[in-house]
Amino acid sequence: MSFPAGVATGIGSWPGTDPREAAAVIVGELVELPHLAELPARGIGADMIGRTGALLVDLPFDTTTRGYRIAAHRGAVSKRATDLLNRDLDALEEAWETAGLVDAQRHIKVQAAGPWTLAAEVELANGHKVLTDRGAVREFAESLGEGLVRHVTEVRRRLGASVVLQLDEPLLASVLAGTISGVTARERIPAIPAPDALVLLDAVIAQADVPVVVHDCSSAPPWELFRRSRADAVSFDLNLIDSADLDPIGELLDADKNLILGIVPTRPLTPAPTWRDCAAPAVKLVDRLGFPRSALGGRVSVSPACGLAGASESWARKALALCNDVARALVEEPEKL
């Protein structure tokens, strides 16, 4: 299955606590590539790490004052995260059926924290980050890979849809730079060599066996690692890009990677941006890279700059509508922009 291009999508997180409403809006607005909503406002187990923890196989987890920690037994936190995920899947299935999309061979995107961000956030039982123990990192990645296969299979079964997987790796650059904090704020966990990081990331991507996009909305994504990876697409916040990033982004396109450009603000601005305002940076990027504007429809998709959990529900709807308008223009009339 090829990676869908020239479409609008979301990053994953959504405001509010109602999974049915979130699913109905997302499926209704994002015709070509809707996504499973994440609703972190519901608290423990509903954020990116908690959601991904619900996918891990044979690795129950609990919470500490600093975040999540591996537990000896499956307790209330693991059960809550799994329950929230199942509710979200039920809501998505209901919205899918209501829209008449079951077995319509449409695409759906699901999200999970990538193996390195997960290892940088979760603690072992001794209080140290998983990242400090290379054996534990491998075990985590294997568990995540197996869990993602099960997750993708269930989503495909429920919806009759082609699944796209997004791996969120906002901490990967920090993992490579050795700037992740350890037990104390002053302690730094040693850097992971890029070749080792690539091998582990690629293993998870290969195991998933579906089109994969790696997402990083930080100011310094690890472009070279993403270029060399098995990912089909790279998603990033275009507003954070400067001239030093142009060559690496061009190399992504040269390597046949698709791009998902985060170009629509996650919160309302004054004056309110039009779809042309949002499209302008994408057009400028392709022009500066020297690619034909036809690449905008064939290799580029659009999204909000990052997740929409902090937005109002009205702006979240508006942001998706803007994404749709931009994506349509990039496909239908790139030369006129």
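Taking the range 202-221 as the search range and keeping residues that are farther than 17 Å from Ile263 by Cα and assigned to a loop (DSSP other than H, G, I, E, B), which one is nearest to the chain's Cα centre (by Cα)?
Pro211
Residues in the range 74-92 that are farther than 18 Å from Gly10 by Cα and charged (D, E, K, R) were compared, and the one that is modelled with the lowest pLDDT is Arg74. Restricting Glu154, Glu139, Glu146 to those that are out of contact with any helix residue (DSSP H, G or I) (no Cβ under 8 Å at 6 or more places or on another chain) and either assigned to a helix (DSSP H, G or I) or aromatic (Phe, Trp, Tyr) (or both) reduces the list to Glu139.
Okay, residues lined up against (1) touching a residue at least 24 places away in the same chain (Cβ under 8 Å); (2) buried (at least 19 other Cβ atoms within 10 Å of the Cβ); (3) in a helix (DSSP H, G or I):
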{"residue": "Ile44", "(1), (2), (3)": "yes, no, no"}
{"residue": "Arg51", "(1), (2), (3)": "yes, yes, yes"}
{"residue": "Leu56", "(1), (2), (3)": "yes, yes, no"}
{"residue": "Leu59", "(1), (2), (3)": "yes, yes, no"}
{"residue": "Thr63", "(1), (2), (3)": "no, no, no"}
{"residue": "Arg74", "(1), (2), (3)": "no, no, no"}
{"residue": "Ser78", "(1), (2), (3)": "yes, yes, yes"}
{"residue": "Leu84", "(1), (2), (3)": "yes, yes, yes"}
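Of all residues in the range 261-282, those satisfying the criterion of being part of a helix (DSSP H, G or I) and surrounded by fewer than 18 Cβ atoms within 10 Å (Cβ to Cβ) are Arg276, Asp277, Ala280, Pro281. A search for C-beta distances below 7 Å between a residue of the range 199-220 that is more than 12 Å from Asp237 (Cα to Cα) and any residue that is in a helix (DSSP H, G or I) and among the hydroxyl-bearing types (Ser, Thr, Tyr), counting only pairs 6+ apart in sequence or on different chains, returns nothing.
For the range 105-132, a residue qualifies if it is modelled with pLDDT under 95, out of contact with any Phe, Trp or Tyr (no Cβ under 9 Å at 6 or more places or on another chain) and within 30 Å of Pro4 (Cβ to Cβ), and exactly one does: Gln105. Among the listed residues Gly67, Gly45, identify the single one that is on the phi > 0 side of the Ramachandran plot and either touching a strand residue (DSSP E or B) at 6+ places or on another chain (Cβ under 8 Å) or aromatic (Phe, Trp, Tyr) (or both). Result of the check over Gly67, Gly45: Gly67. Going through the range 111-144 one residue at a time, which ones are crowded, with 21+ Cβ neighbours inside 10 Å, out of contact with any Lys or Arg (no Cβ under 9 Å at 6 or more places or on another chain) and farther than 19 Å from Ser218 by Cα? Scanning the range 111-144 gives Lys129, Val130, Leu131, Val137, Phe140, Ala141, Leu144. Checking each residue in the range 211-241 for being hydroxyl-bearing (Ser, Thr, Tyr) and at pLDDT below 95 picks out Ser218, Ser219. Here Val130, Val102 are screened, and the one residue that is of a type in the set (Val, Ile, Thr) and under 26 Å from Gly182 (Cα atoms) is Val130. The number of residues in the range 227-249 that are surrounded by 17 or more Cβ atoms within 10 Å (Cβ to Cβ) and either out of contact with any Asp or Glu (no Cβ under 8 Å at 6 or more places or on another chain) or assigned to a strand (DSSP E or B) (or both) comes to 11.
The values are calculated or read from the model by the stated rules, or taken from the named source; none is laboratory data. Because the structure is predicted, anything quoted here is derived from the model rather than measured. Glycine gets a Cβ as well: all are built from the backbone with ideal geometry, and neighbour counts include every protein chain shown.
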